[in-house]
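Accompanying notes for the structure given below.
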Amino acid sequence: LHTLEVGLEELEILLTNLESRNQKMVTGKDSFRLYSTYGFPKEMTKELVEERGFLFNEEEFEAEL
């Protein structure tokens, strides 16, 4: 549970940084890092990202996987 909480914080930092650069795409590399480091399932990341109005690059995620 703690690992997922830290992952949520990392996702928030990622989205804030993208927002500050006027970017909307979460790369496969970034989403894979959340998966491999914090155990975030792809579907969870995609849902949270899209809820915030960002795009999720699923093809890049699969390539990283």
Query raised in the report: Of the residues that make up the range 35-46, is at least one among the β-branched types (Val, Ile, Thr), touching a helix residue (DSSP H, G or I) at 6+ places or on another chain (Cβ under 6 Å), at pLDDT below 95 and open to solvent by 50 Å² or more (accessible area, probe 1.4 Å)?
Result: no
**Report entry** Complete set of residues in the range 18-65 that are in contact (Cβ under 8 Å) with a residue 24 or more places away in the chain and among the aliphatic types (A, V, I, L, M)
**Finding:** Leu18, Met25, Val26, Leu34, Leu48, Val49, Leu55, Ala63, Leu65
Report summary line: Sole miss for Gly7 among (1) modelled with pLDDT under 95; (2) open to solvent by 40 Å² or more (accessible area, probe 1.4 Å); (3) among the small types (Gly, Ala, Ser) is condition (2)
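The values are calculated or read from the model by the stated rules, or taken from the named source; none is laboratory data. All values reported here derive from a predicted model rather than from experimental measurement. Cβ coordinates were reconstructed from backbone atoms using ideal geometry, including for glycine residues, and neighbour counts include every protein chain displayed. Ligands, DNA and RNA are stripped out before the accessible areas are found, and what is left, the full protein with its side chains, is counted by its heavy atoms. Shrake-Rupley method; radii C 1.70, N 1.55, O 1.52, S 1.80 Å.
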